[in-house]
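> Take this structure, written in structure tokens, and hold onto it; I'll ask about it next.
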């Protein structure tokens, strides 16, 4: 998902889910490069949710990095039909097996940190959207070597609405131009709030 150079020269990928204490602990999902909704956080879409504005959450497991990447994506849009998007991507990453779906409470010898990415994007005529980090900075460093470089994330997703419940998800591909540059990883994000939240 990302390319991160550590002081020891190892490459690690990171995406911050909660930076600076923003957001709840990692979502309840399974690994294998797929994402499942966290039912306790997901909310049904309401008339107040306009366009793709809001806070979205999703998680992937990256086999190359042997760890999870947990994302909080905050999207702002001038109006429901405006193509321009802006906001932030918060990525939290930690080392673990596929069953380690929540961030560790203590250092276990692996990596664990967050990254914040100011992001921009656009909505295409067919309704699909692209949202990608324009830069990055370390948010919090919990465990492992210092993060010295990082490949920003790019989401290429399509909004999918469940007509029965009104619930909207963003489904598509996550790439980073480095480790996940070929086929990317499948990701699904749930809208957990109609608000984009505070800028970071």
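The values are calculated or read from the model by the stated rules, or taken from the named source; none is laboratory data. Everything numeric in this text was worked out from a predicted model, so none of it was measured. Glycine also receives a Cβ, built like all others from the backbone with ideal geometry; neighbour counts cover every protein chain displayed.
> Any idea how many residues of segment 178-200 are more than 19 Å from residue 74 (Cβ to Cβ), in contact with a strand residue (DSSP E or B) (Cβ under 7 Å, 6 or more places away or on another chain), at pLDDT below 90 and surrounded by fewer than 20 Cβ atoms within 10 Å (Cβ to Cβ)?
Residues meeting the conditions: 1.
> Could you check how many residues of segment 98-143 are farther than 19 Å from residue 187 by Cβ and buried (at least 22 other Cβ atoms within 10 Å of the Cβ)?
Count: 4.
> I'd like to verify a number: residues in segment 101-126 that are free of Cβ contacts under 8 Å to residues at least 40 places away in the same chain, in a loop (DSSP other than H, G, I, E, B) and touching a strand residue (DSSP E or B) at 6+ places or on another chain (Cβ under 7 Å), how many?
Summing the residues that are free of Cβ contacts under 8 Å to residues at least 40 places away in the same chain, in a loop (DSSP other than H, G, I, E, B) and touching a strand residue (DSSP E or B) at 6+ places or on another chain (Cβ under 7 Å) in segment 101-126 gives 2.
> If a residue must be assigned to a loop (DSSP other than H, G, I, E, B) and free of Cβ contacts under 8 Å to residues at least 24 places away in the same chain, how many such residues does segment 127-173 contain?
Total meeting the criteria: 6.
> Quick one: what pairs do we get from segment 69-83, first residue in a loop (DSSP other than H, G, I, E, B), second at pLDDT below 95, C-beta under 6 Å, 6+ apart or different chains?
Sorted first by the residue in segment 69-83, then by its partner, the pairs are 77/51; 77/53; 80/50; 80/51.
> Related question: I'm told residue 181 meets every condition in (1) free of Cβ contacts under 8 Å to residues at least 60 places away in the same chain; (2) more than 19 Å from residue 60 (Cα to Cα) except one. Can you identify the failing condition by its number?
The one condition residue 181 does not meet is (2).
> Report whether or not residue 95 is in contact with a helix residue (DSSP H, G or I) (Cβ under 9 Å, 6 or more places away or on another chain) and surrounded by fewer than 23 Cβ atoms within 10 Å (Cβ to Cβ).
yes
> Within 24 Å of residue 120 (Cα to Cα), at pLDDT 50 or above and under 15 Å from the mean Cα position of the chain (by Cα), is that true of residue 35?
no
> Oh, and also: In segment 156-170, how many residues are exposed (fewer than 15 other Cβ atoms within 10 Å of the Cβ) and at pLDDT 85 or above?
Adding up the residues that qualify gives 7.
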